[in-house]
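Asks: Pasting a structure here, questions to come.
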Amino acid sequence: NYYAILMAGGVGSRFWPVSTQDFPKQFHDMLGTGDTLIQKTFHRLAKLIPEENIFILTNERYNDLVFEQLPSVTKRQVVLEPAMRNTAPCILYASLKIQKENPDAVMIVAPSDHWIEDENAFSENVQEAFNFCSQNDALMTLGIQPTFPNTGYGYIEYEKETIETGEPVVSSVEVSSGVRSVNQFKEKPVYEVAKQYIEQGNFLWNAGIFMWSVKSVVKAFKNNQPELFALFEKGIAVYNTDLEDGFIQENYGKAENISVDYAIMEKSSNVYVIAADFDWNDLGTWGSLYDKLDKDETKNAVVNARTLTEDASGNMIRTKNDKIVVVDGLQDYIIVDKDEVLLIFPKTKEQDIKKVLQNVKDKF
Ligand code: GDD
Ligand code: MG
């Protein structure tokens, strides 16, 4: 009864110029390991879930990329969205399709673009969550120990006692796993609030990975997003039939643009968390990629390039075709060369790459 939904419809604009609207980061080998991020994620999930029960949700413009990179998947497993509406609509739509196929399904929802090294620890955490969700009406999250007031994440305020053992957590610095009730889920708080959460201690970052029974997630949408629910419920009769595509082409664009975090997680009272036992990185920016890559002796991270450096460290360097890059007197910069674009940008301002991309689009 185990299923997975792999979300692969984002654009990854902070990884420009490598990640573009036509070829976003989940379809790139960002780590230089030979596998693209979506391939890595698919194989991680396939250790836990029968391959035929892994569904890939993405925009219709990425259809060809999905089949090229995951040649074993069938058409049934690829759920295409005719419009970009963020994660809530696609999760509800796919959940209703899965519910029609198997009303007892228990599923994991996973982003396609994260870095997780310890796959065994990941599997154990997910298995524990699956066991809990099979027996309880629960929306389960995986929590990551926060290290700074990052305003790009969701925050999870957990109860100090675990549900199975009732053992109190002694230190908030290292939270042991086990299922905990969640008092509050807050998506992307402002800096001051994030800072206060971290000082308070019993908060984890939301890893963006969710587990639940299909019954529980459909109920959560029905209760908290009645309009969205009504829109996709109208199509139930045609899901998994030849008439489905027509219905979706006509109706998908009417869905509100909202993420699953705001749509159901912030509003539900049956949220639970397991503190992740694995190292996690959401590979959201060039800097977070730099942190995860092996560094050379001068502390530069280099992908697809040969470098000659002098008085240069902390740089993230990537070219397309093993270009020779000579750097002298430059610290903590992003240097990315791709086709017609060369980006040289300080790591401290990496969040602004999104805005720069907009300016470039307007100008050229
Ligand atoms: N299919 C589909 N359709 N996938 C989408 C869409 C869409 O319209 N929009 C985004 N995605 C995919 C992205 O490719 C990514 O894999 C995942 O959904 C999450 O979207 P992001 O846009 O990256 O979300 P976020 O990073 O702002 O926030 C989420 O992740 C954080 C952890 O990385 C939230 O869940 C936060 O609470 C969480 O902390
Ligand atoms: Mg993200």
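Asks: Using amide H atoms built in the peptide plane, which far-off residues or other-chain residues are under 5 Å from GLN184 H to H?
Replies: GLU157
Asks: Same structure again: Could you tally the net charge around ASN240, taking each other residue with its Cβ under 13 Å from the Cβ of ASN240, Lys/Arg +1 and Asp/Glu -1? Provide the component values of the computation, followed by the final result.
Replies: Working: positive: LYS75, ARG76, LYS97, LYS100; negative: GLU101, ASP242, GLU244, ASP245.
Net charge in that neighbourhood comes out at 0.
Asks: What is the Cα radius of gyration of the range 286-363 over 2.2 N^0.38 Å, N being its residue count?
Replies: Numbers: Rg = 12.5 Å, N = 78, 2.2 N^0.38 = 11.5 Å.
My calculation over the Cα atoms of the range 286-363 gives 1.08.
Asks: Give me the one-decimal nm value for the distance between modelled label points at THR33 and THR348, 7 Å along each residue's Cα-to-Cβ direction.
Replies: 3.2 nm
Asks: Would you mind giving the average projected area, over all directions, of the Cα convex hull of the chain in nm² with one decimal?
Replies: Working: hull surface 76.3 nm².
Orientation-averaged projected area of the Cα hull: 19.1 nm².
Asks: Return the FRET efficiency for the residue pair ARG61, SER123: r is the Cβ-Cβ distance, R0 is 35 Å, and the value is rounded to the nearest 0.05. Walk me through the intermediate numbers first.
Replies: On the way: r = 32 Å, r/R0 = 0.92.
FRET efficiency, ARG61 to SER123: 0.60.
Asks: Take every DSSP beta bridge whose two residues both sit in the chain, then give the antiparallel share in percent to the nearest 5. Could the numbers behind the result be given before it?
Replies: On the way: 29 of 62 bridges.
Bridges in the chain that DSSP calls antiparallel: roughly 45 percent.
Asks: A further question on this structure: Scan around TYR3 for amide H atoms under 5 Å from its own, H built in the peptide plane at 1.01 Å from N, and keep only partners 5 or more places away or cross-chain.
Replies: For TYR3, whose amide H was placed from the backbone, the distant partners under 5 Å are VAL106, MET107, ILE108.
Asks: Need the full-extension length gain, ASN150 to LEU308, defined as separation in residues times 0.36 nm minus the C-alpha distance. One decimal, nm. Could the numbers behind the result be given before it?
Replies: Values: separation 158, 0.36 × 158 = 56.88 nm, distance 3.40 nm.
Residue separation times 0.36 nm, minus the Cα-Cα distance, leaves 53.5 nm.
Asks: Which translational diffusion coefficient, to the nearest whole µm²/s, is obtained for the range 120-247 from the Stokes-Einstein equation, given a Kirkwood hydrodynamic radius over C-alpha pairs, 25 °C and 0.890 mPa s? Mind showing how you got there, number by number?
Replies: Numbers: Rh = 16.7 Å.
The Stokes-Einstein estimate is 147 µm²/s.
Asks: Calculate, in nm to one decimal, what LYS222 and SER176 gain on full extension: separation in residues at 0.36 nm each, minus their alpha carbon distance.
Replies: Working: separation 46, 0.36 × 46 = 16.56 nm, distance 3.33 nm.
Going from the current span to full extension adds 13.2 nm.
Asks: Could you derive backbone 3J(HN,Hα) for the range 99-107 from the dihedral phi with the Karplus parameters 6.51, -1.76 and 1.60 (θ = phi - 60°), listing whole Hz in sequence and x where the residue is Gly or Pro?
Replies: 4, 5, 6, 8, x, 9, 4, 10, 9
Asks: How much net charge surrounds GLU117 when only the other residues with a Cβ under 10 Å from the Cβ of GLU117 are counted, with Lys and Arg +1 and Asp and Glu -1?
Replies: Values: positive: LYS292; negative: ASP118, GLU119, ASP279.
It works out to a net charge of -2.
Asks: Follow-up. What does the accessible area of LEU293 come to, in Å² to the nearest 10, when a probe of 1.4 Å is used?
Replies: Around 20 Å² of this residue is reachable by solvent.
Asks: Can you pull the accessible area of LYS186 for me, 1.4 Å probe, Å² to the nearest 10?
Replies: Its accessible surface works out to 70 Å², give or take rounding.
Asks: Quote the relative contact order of the range 286-363 in percent (integer), defining contacts as alpha-carbon pairs under 8 Å separated by 6+ residues. Let's see the in-between values first.
Replies: Numbers: 130 pairs, mean separation 17.6, N = 78.
Here the relative contact order equals 23 percent.
Asks: Pick out which of ASP29, ASP277, ASP296 has the largest mean-square fluctuation in a Gaussian network model of the chain, springs linking Cα atoms closer than 10 Å.
Replies: Ranking ASP29, ASP277, ASP296 by mean-square fluctuation puts ASP296 first.
Asks: 222 nm [θ] for the chain, helices only, -39500 (n - 2.57) per DSSP H run of 4+, per residue, to 500? Write out the running numbers ahead of the final one.
Replies: Working: 10 runs with 104 residues, N = 364.
Helix-only estimate at 222 nm: -8500 deg cm²/dmol.
The values are calculated or read from the model by the stated rules, or taken from the named source; none is laboratory data. Treat the numbers as computed from the prediction; the structure is a model and nothing was measured. Note: ideal-geometry Cβ built from the backbone for every residue, glycine included; neighbour counts use all protein chains shown. Accessible surface areas use protein heavy atoms only, side chains included; no ligands, DNA or RNA. Shrake-Rupley method; radii C 1.70, N 1.55, O 1.52, S 1.80 Å.
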